[in-house]
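Input: a single structure, listed below in structure tokens.
The values are calculated or read from the model by the stated rules, or taken from the named source; none is laboratory data. This is a predicted model, so every value here is computed, not measured. Note that we place each Cβ from the backbone using ideal geometry, even for glycine, and neighbour counts take in every protein chain shown.
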Amino acid sequence: MTETVDFVIAGGGHNSLITAAYLARAGYSCVVLDARSIPGGGAASEELLDPGYRFDSCSTGHTLIQANPLLADDELRLLADYGLVYDMPDPIAHVVLPDGSPFTSWLDLDRTVEQFARYSRTDAETYRRMIEDYGAISGLVRDASFTPPGYGTPLPTALEQHPRGGRWLRRRLMTAADVIDREFENEHVKAYLAWQAFQTAQPIDGGGTGMLAISIQAGRQKRSWTIPRGGSGALTDALVRCLDDLGVTVVCDTTVTELVLEGGSCVGVRTADGETYCAREGVVSTIHVRHLTEMAPREAWDDDWLFGISTYDLGLSAFAIYLETDAPPVFETEGVSQAAVSAGTVGWLRDVVQYGRDLKDGRFVTEVPWLLVATPTLVDPSRAPEGHHTVKLLSMQQPDPPEGTSWEEAKEEHAQRQLAHIRRIVPNLAEEHVVGRLVKSPRDIERGNRHMVDGSFHGGERGIAQIGGLRPAPRWGQHRTPIPGLYQTGATTHPGGSITGAPGRNAARVILDDRGSSLAEVIASRPRAVAR
């Protein structure tokens, strides 16, 4: 069978769904093809074990996308018309430090400052000042994220022109570890901030990570670890309902294997089941660039693209434990009992730095220097049977098991180490409270979603060599590719992974611009009827 539409969207992650929605709003016919049985990519909620327990199989927090005009201005009416609702849990985080001390952050800034003051009054004052400093330039960071490279004012220029931006010019090129170590004095405070800075799964001693020392915490201080009611997949569900109203079909269990080229241009795709989908206007891909490059002859790509993909850093790989429990995970430390949607444990600053170095050096890390414990059912009981909870333990690990072992053996041993670690402070996660358990190695994660190469869920490292116009390859950061008619969006493009919707909206802006239209015009106009 051959189907012809204006745009073929290869990949059904949240960014490609967003691109498709804006293109459909402009009157273009689209079809979305996804290899998985459900759309959404990393924005998915699934019954991984037993019926009634809906896990966020990848992403849980949707803090960053709140600043996207997609939601901030509700451009596609996902909030108004399509049932998308967000919760802002409080506290925003609860972390147990290496010596067993607790650290809790709250939406109330004064209350969070008090927590800093428990360990250092100087650091409490520094924290308040840095939150204010970052708030002064956060709009510039937001604009840079939600603007395609080459459009608008580059972030370094914007910071240079801002009266309070000078120090951030330096900080953004520093390492997060150095910024934390320089600005704060207390080891407990440094450990907590290191836990937050590592949330993007990027080694905190990498150049260009400096803003992570405060930006993650600042975003959560404002909006908490924002989560969609019903699960991370609620964003996908709202987008699919919107696309359905716009006449866009989403086809799952359909793997794109080849780009169709005519006269050097991309005019469609072929799938594993032998079907061809033709595109009058173009193809939009969220296929990982490593795989995408293999779908066309080498001569179809230019040297900069091939160099960029051959040197593309995949980023750190993830290790996940999913638990169904009959009790909430309550952290018991120093006479403090605290539960939080976003919680975890962390080593000292130097331990988190070493964690990233060990992973980069290919060492299998058996210690637990950083751990995220996510329990969204604390504020959203709809995700589990009454009185029960879904708990996800997330850490980073090597993509392959230790030499001489298999992942089937190694992942159970590693899971037991992590569970023993957390059960010392969270007795409610004892075995008698666990109804069901699933452990995913990096290779399991990759098998579940081919975009997550090596089990890396952020689409690639976001150091200074892979940001802005350098992502995914030099000269090809504007969502165009060397093949005319082929566009790229998703986590391998600016500004990278996490649930931001930025690559999807940015790609739509570029594609519409190439066709003499504009995103602003499309948003201002009424949706056009599209024939199915």
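Only residues that are surrounded by 18 or more Cβ atoms within 10 Å (Cβ to Cβ) and within 13 Å of L486 (Cα to Cα) were counted in segment 262-281, giving 6.
Residues in segment 367-396 that are among the β-branched types (V, I, T) and either out of contact with any helix residue (DSSP H, G or I) (no Cβ under 6 Å at 6 or more places or on another chain) or outside the structural domain of R443 (by TED's automatic domain parsing) (or both): V373, T375, V379, V391.
Scanning segment 310-352 for residues that are surrounded by 17 or more Cβ atoms within 10 Å (Cβ to Cβ), part of a loop (DSSP other than H, G, I, E, B) and either polar (S, T, N, Q) or touching a strand residue (DSSP E or B) at 6+ places or on another chain (Cβ under 6 Å) (or both) turns up L316, P328, P329, V330, A340.
Within segment 180-221, the only residue that satisfies the criterion of being surrounded by fewer than 21 Cβ atoms within 10 Å (Cβ to Cβ), free of Cβ contacts under 8 Å to residues at least 60 places away in the same chain and either closer than 15 Å to Y134 by Cα or acidic (D, E) (or both) is E183. Given the criteria under 26 Å from A339 (Cβ atoms), modelled with pLDDT of 95 or more and not assigned by TED's automatic domain parsing to the domain that holds E334, does D90 qualify? Yes; evaluated as a whole, the condition is true for this residue.
Taking (1) assigned by TED's automatic domain parsing to the domain that holds P401; (2) over 30 Å from Q418 (Cα atoms) in turn, D302 satisfies each apart from (1).
Table: residues versus (1) under 30 Å from S518 (Cβ atoms); (2) part of a loop (DSSP other than H, G, I, E, B).
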residue: P148; (1), (2): yes, yes
residue: G152; (1), (2): yes, yes
residue: L159; (1), (2): yes, no
residue: R164; (1), (2): no, yes
residue: R170; (1), (2): no, no
residue: R182; (1), (2): no, no
residue: H188; (1), (2): no, no
residue: Q196; (1), (2): no, no
residue: I204; (1), (2): no, yes
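Within segment 377-394, the set of residues being within 13 Å of T325 (Cβ to Cβ) and in contact (Cβ under 8 Å) with a residue 60 or more places away in the chain comprises L378, R383, A384, P385, G387, H388, H389, T390, V391, K392, L393.
So if I check each of G274, G282, G247, which one is in the same structural domain as S29 (by TED's automatic domain parsing), farther than 30 Å from T175 by Cα, in contact with a helix residue (DSSP H, G or I) (Cβ under 9 Å, 6 or more places away or on another chain) and not in a strand (DSSP E or B)?
G247
Only one entry of A465, A410 meets the criterion of being assigned to a helix (DSSP H, G or I), over 25 Å from R229 (Cβ atoms), out of contact with any Ser or Thr (no Cβ under 6 Å at 6 or more places or on another chain) and at pLDDT below 95, and that entry is A465.
Mind counting the residues in segment 134-169 that are within 22 Å of W476 (Cβ to Cβ) and among the aromatic types (F, W, Y)? Adding up the residues that qualify gives 2. Scan segment 379-396 and give yes if some residue there is in contact with an Asp or Glu (Cβ under 9 Å, 6 or more places away or on another chain) and of a type in the set (K, R), otherwise no. Yes, that holds for at least one residue. A residue that is surrounded by fewer than 16 Cβ atoms within 10 Å (Cβ to Cβ) and either among the hydrophobic types (A, V, I, L, M, F, W, C) or free of Cβ contacts under 8 Å to residues at least 60 places away in the same chain (or both) occurs somewhere in segment 171-179. Residues of segment 495-527 that are polar (S, T, N, Q) and not in a helix (DSSP H, G or I): S498, T500, S517, S518, S525.
Being of a type outside the set (K, R) and at pLDDT below 95 holds for only one residue in G460, G485, and it is G460. Does A35 satisfy the condition of being surrounded by fewer than 22 Cβ atoms within 10 Å (Cβ to Cβ), within 24 Å of the chain's Cα centre (by Cα) and either touching a residue at least 60 places away in the same chain (Cβ under 8 Å) or more than 30 Å from A524 (Cβ to Cβ) (or both)? Yes.
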